[in-house]
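**Q** Dropping a structure here in structure tokens format, bear with me for questions.
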Amino acid sequence: MDGIRTIDSFAADNPLIVGHAVHEGIEKGLEAGILDYTSNFPILMDEHYSEILKMEFLIPLVRKALPSGGEFEVPVMDKDFIGFIDYLLPVEAEPEMNQRFQYYDLYDFKYTVKSSRYKDSCQLQLYKYFFEKMHPGKKIRKSCFLIIPKINLKQMKSESIADYRNRLKDALKETSLKTIYQEMEVSKVAGWYSNIKAILEETEFPKKDSFMCSYCEYCDYCMKGWDYMLKLPENKRRNLEKVSKRTMWIYGVPFSGKTTFANAFPDPLMLNTDGNIKFVDSPYIRIKDEVTVEGRITKRKMAWEVFKEVIAELEKKENTFKTIVIDLLEDLYEHCRVYMYQQMGISHESDDSFRAWDKVRGEFLNTLKRLMNLDYENIILISHEDTTKDITRKGGDKVTAIKPNLQDKVAVKVAGMVDVVARIVADADIRTFCFKSNEVIFGGGRLKVNAKDIPLDVDELFKVYDEANANVNKALAKSADIRNKAAEKEAATNISGEEEKAPENENMKPEKDVEEDPDPLAESETEKAPAEEKPAPEPEKAEPEKPVKRTRKRRNA
């Protein structure tokens with residue numbers, strides 16, 4: 001009623017899309033049905049081709065079983081009702097029937113898992129009632145639902161796509177069509193009229209939870225509240241003097257002080273992967289495989305599952321932590337790889353090179369984004385330093401690259417999620433926090449400050465953030481001043497341009513050339529306050545005189 005649109009669902013098994021494609025295929029052929037299905041998606045994945053495989057088996061099955069000679073999508077329109085009969089088949093009148101009428105069999109297609117719920121449906125009775133009402137010389141002999149079985153087999157974790165589709169084909173071969181006939185019940189039509197009358201008279205629509213909610217495109221908005229919908233912020237520039245969140249990725253050689261530095265942040269929680277928590281006093285959670293034994297059964301919860309559960313708990317914000325620390329990031333990536341191997345039934349990305357690399361990276365980065373979006377004051381990622389690779393400069397000489405111990409494609413994405421990527425340098429007892437970047441050192445960030453090396457101290461780092469925000473505010477103020485001056489200059493130009501603008505009507509002359517009608521009151525006022533004489537304007541160059549339009553000068557009250 002409010003005209004609010006929702007985001008389209010591109011799920012491969014979207015009931016509306018699949019159902020419409022099956023109907024289209026039954027009416028116009030398999031190719032038309034597949035084209036109708038694929039045209040609804042911007043890209044086709046394995047799941048979509050599995051749905052197409054079902055159509056390739058079911059649509060020919062229905063077309064073969066359906067009697068020929070009928071008409072598809074027959075409209076039934078009345079002032080009280082609009083419907084479309086899926087298939088209407090003319091039949092010969094039986095001897096006991098009234099020979100004055102033309103008889104038809106009515107079919108309605110249902111692509112469903114559960115056929116039992118259609119036994120009590122009033123849809124066929126309504127079609128029969130309104131069709132016969134609109135066509136007095138025609139009668140419906142039989143009405144039936146033609147049930148097309150929907151196969152909802154899920155691909156197992158250890159199953160390849162080829163094995164899954166072979167299993168799907170075997171299941172399809174065992175399916176068969178089912179027909180549910182219904183006799184005419186006038187009471188159902190009367191009940192429908194009663195329900196429609198109640199609906200039209202209703203003014204309030206309270207929420208009613210039921211299993212049908214999952215089929216509604218507004219389910220998320222309804223269940224999560226209308227604040228779940230996107231709202232644009234106020235058109236007002238923000239003041240950046242106060243930092244509300246700091247995100248950083250620090251790396252360095254072992255024993256350079258990374259974990260100790262992170263431990264000095266306010267109210268930290270360590271998500272530790274390597275067990276290096278002996279010399280820090282912050283609370284921690286070990287991210288590792290959890291093995292439990294129940295009788296003779298040994299259960300293993302993978303480390304990546306533990307990490308995702310921790311993020312889900314942190315999202316609730318039911319704690320007093322201010323800093324979340326990941327130590328080490330590359331270990332998390334390895335946990336993610338092992339988890340995805342189990343999910344896809346492979347032992348390495350090269351086993352499924354078309355998609356495994358992308359799936360592992362996607363799972364890791366999407367989960368890490370959930371962490372970086374958490375509403376905590378500080379989020380710190382820690383990695384070891386990698387110096388095993390060389391890079392070749394323009395001159396041809398090779399130098400050692402200094403970067404975090406993470407794959408390059410993943411490292412670039414992670415760097416884009418944080419404010420600064422910094423290297424901790426240990427020179428004897430002197431520790432420095434370095435966030436400069438060049439062709440050798442992987443680092444840098446969004447902090448606009450002069451210093452690129454500071455002592456390894458939390459307070460010194462906070463000062464750098466304050467300086468960066470102050471510099472940004474100065475730049476914004478300068479930009480605003482430039483914009484204001486430009487706007488004032490443009491406004492002044494417009495005003496002067498309007499003053500110098502000539503009269504639009506070429507028949508009009510300036511006020512001094514206008515011949516006025518006599519006005520006694522104006523004359524008397526002129527005698528009391530004579531106007532100053534102005535020198536006569538210089539004669540213009542020879543131009544043809546234009547007729548003067550007479551107009552009456554209006555006096556101000």
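The values are calculated or read from the model by the stated rules, or taken from the named source; none is laboratory data. Computed from a predicted model, the values in this text were never measured in an experiment. Methodologically, a virtual Cβ is constructed for each residue, glycine included, from the backbone with ideal geometry; neighbour enumeration extends over all protein chains shown.
**Q** In the set ALA312, ALA303, which member is touching a helix residue (DSSP H, G or I) at 6+ places or on another chain (Cβ under 8 Å) and farther than 20 Å from SER256 by Cα?
**A** Exactly one residue qualifies, and that residue is ALA303.
**Q** Please verify whether LEU314 is under 29 Å from the mean Cα position of the chain (by Cα), closer than 15 Å to ASN405 by Cα and of a type in the set (A, V, I, L, M), treating the condition exactly as stated.
**A** Answer is no for this residue.
**Q** Oh, and also: Taking the options LEU35, LEU44, LEU58, name whichever one is surrounded by 14 or more Cβ atoms within 10 Å (Cβ to Cβ) and under 22 Å from ASN166 (Cα atoms).
**A** Matching residue, one of LEU35, LEU44, LEU58: LEU58.
**Q** Same structure again: Restricting attention to region 260-296, which residues are among the polar types (S, T, N, Q) and without any contact (Cβ under 8 Å) to a residue 12 or more places away in the chain?
**A** Residue satisfying the conditions is THR292 alone.
**Q** Another question about this same structure. Restricting to region 249-307, what's the tally of residues that are in a helix (DSSP H, G or I) and touching a Phe, Trp or Tyr at 6+ places or on another chain (Cβ under 6 Å)?
**A** The total comes to 1.
**Q** Restricting the first residue to region 129-156 and requiring it to be over 30 Å from LYS169 (Cβ atoms) and surrounded by 17 or more Cβ atoms within 10 Å (Cβ to Cβ), which pairs with a second residue that is at pLDDT below 90 and among the β-branched types (Val, Ile, Thr) meet a Cβ separation below 8 Å and a spacing of at least six or different chains?
**A** TYR129/VAL186
**Q** Which one of ALA21, ALA93, ALA12 is in contact with a Phe, Trp or Tyr (Cβ under 6 Å, 6 or more places away or on another chain) and in a loop (DSSP other than H, G, I, E, B)?
**A** ALA93
**Q** Continuing with this model, one more query. Would you point out the residue of region 117-152, among those that are of a type in the set (A, V, I, L, M, F, W, C) and under 21 Å from LEU177 (Cα atoms), that is farthest from the chain's Cα centre (by Cα)?
**A** Step by step, filter region 117-152, then rank; the result is CYS144.
**Q** Among all residue pairs at least 6 apart or on different chains, which show Cβ distances below 6 Å where the first residue, located in region 83-105, is under 29 Å from ARG63 (Cβ atoms) and the second is polar (S, T, N, Q)?
**A** Listed pairs, sorted by first residue: ALA93/GLN99.
**Q** Another one. Answer with yes or no whether LYS114 is under 35 Å from the mean Cα position of the chain (by Cα), in the same structural domain as GLY191 (by TED's automatic domain parsing) and not in a strand (DSSP E or B).
**A** It is true that LYS114 is under 35 Å from the mean Cα position of the chain (by Cα), in the same structural domain as GLY191 (by TED's automatic domain parsing) and not in a strand (DSSP E or B).
**Q** Further, regarding this structure: Could you grab me the full set of residues in region 193-219 that are part of a helix (DSSP H, G or I) and of a type in the set (Asp, Glu)?
**A** Selection gives GLU201 alone.
**Q** Quick one: would you say GLY416 is in the same structural domain as SER256 (by TED's automatic domain parsing), modelled with pLDDT of 75 or more, surrounded by 16 or more Cβ atoms within 10 Å (Cβ to Cβ) and not hydrophobic (A, V, I, L, M, F, W, C)?
**A** So GLY416 fails the test.
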